Amino acid sequence: MAVIFDLDGTLLDTPMGIVHVVNRTAEQLGLAAPSDTAIRAMIGKPLQEMFISFGWPASTSEQSLTVFRSLFSEHVVSVAPSLVFPGMRRSLEALRSEHRLAVATSKVLQSAEEILTAAGLREYFDVVLGADSVLNPKPAPDMALLVASRLGVSPDSCTVIGDSVHDMKMAVSGGMTGVGVTWGVDTPHELSLAGASLIWDDPTKIPSSLLPQPLHH
């Protein structure tokens, strides 16, 4: 079995940092600052889609991306080790002893690699994919299916773990099991409606159903 993790709000407590960075980006570029609620609702989606939802002009898109990524590196990546959810390292160790692990995130691949490395988590994952790794990012199944292909496993032997509706839709459309976590952005109810077959509510305690078919080495 392979386990595919989302990044923001699932492995790392980055949502508040993202809210801060969006507000700083708006301030620097003289753009309308969205509400914190509006920002959190868009976490897990590609940045350009996020900026469009705020009503920011398309003409500012590239500049917004540049400023956001610079500020994210300065204010969030720099403190990445402290953003790992309590108990997550131990859970990753346990899961990795039985399964292949991967990350599929709406971040671009370079940003994903940067923050995973800074947080000290990169070593746990055999494959890391970002929104720019496929033609159609979340909620399309492309990233999850590419992970399965690269790992040489069938989609029905993969589990997607994430905190957003987009993660669950990616899992379902890819023929995979979806597991929603409660410590991120979307509610257990929203995750269940989107197709989560299991809700995980404590990063320190892995649900036994996540380990149904151990991968023997």
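So the values come out like this:
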quantity	calculated
Output for the range 9-24, where each listed residue is within 19 Å of the chain's Cα centre (by Cα) and open to solvent by less than 50 Å² (accessible area, probe 1.4 Å)	Gly9, Thr10, Leu11, Leu12, Thr14, Pro15, Gly17, Ile18, Val19, Val21, Val22
Helices (runs of 4 or more DSSP H) within the range 107-181 that include 1 or more residues within 20 Å of Pro15 (Cα to Cα) and of a type in the set (A, V, I, L, M, F, W, C)	109-119, 165-173
Looking only at the range 25-42, and only at residues there that are out of contact with any Ser or Thr (no Cβ under 7 Å at 6 or more places or on another chain) and crowded, with 18+ Cβ neighbours inside 10 Å, the one that is farthest from Asp6 (Cα to Cα)	Ala26
Selected residue [touching a helix residue (DSSP H, G or I) at 6+ places or on another chain (Cβ under 7 Å) and of a type in the set (Gly, Ala, Ser)] from Ala94, Ala80	Ala80
Residues being of a type in the set (D, E, K, R) and open to solvent by 70 Å² or more (accessible area, probe 1.4 Å) - total across the range 43-56	1
Residue check for Leu151: in contact with a Ser or Thr (Cβ under 8 Å, 6 or more places away or on another chain) and at pLDDT 95 or above	no
Pairs, first free of Cβ contacts under 8 Å to residues at least 40 places away in the same chain in the range 123-137, second buried (at least 17 other Cβ atoms within 10 Å of the Cβ) and among the polar types (S, T, N, Q), C-beta under 8 Å, six or more apart	Val128/Thr105; Leu129/Thr105; Gly130/Thr105; Gly130/Ser106; Gly130/Ser111
Residues satisfying the stated conditions in the range 26-61, i.e. β-branched (Val, Ile, Thr) and farther than 18 Å from Ala131 by Cβ	Thr37, Thr60
Only listed residue being in contact with a Gly (Cβ under 8 Å, 6 or more places away or on another chain), of a type in the set (D, E, K, R) and closer than 18 Å to Met88 by Cβ, chosen from Asp201, Asp126, Asp167	Asp167
Positions within the range 122-136 being under 16 Å from Ile161 (Cα atoms) and either of a type outside the set (Ser, Thr, Tyr) or open to solvent by 40 Å² or more (accessible area, probe 1.4 Å) (or both), in sequence order	Phe125, Asp126, Val127, Val128, Leu129, Gly130
Test for Asp6: is it acidic (Asp, Glu), out of contact with any Phe, Trp or Tyr (no Cβ under 9 Å at 6 or more places or on another chain) and open to solvent by less than 70 Å² (accessible area, probe 1.4 Å)	yes
Within the range 96-106, considering residues that are open to solvent by 40 Å² or more (accessible area, probe 1.4 Å) and outside any helix (DSSP H, G or I), the one modelled with the highest pLDDT	Arg100
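The values are calculated or read from the model by the stated rules, or taken from the named source; none is laboratory data. Since the model is a prediction, treat every value here as computed from it, not as a measurement. No Cβ is skipped: glycine too gets one built from the backbone with ideal geometry, and neighbour counts run over all protein chains shown. Surface accessibility is based on the protein's heavy atoms, side chains included, excluding ligands, DNA and RNA. Shrake-Rupley method; radii C 1.70, N 1.55, O 1.52, S 1.80 Å.
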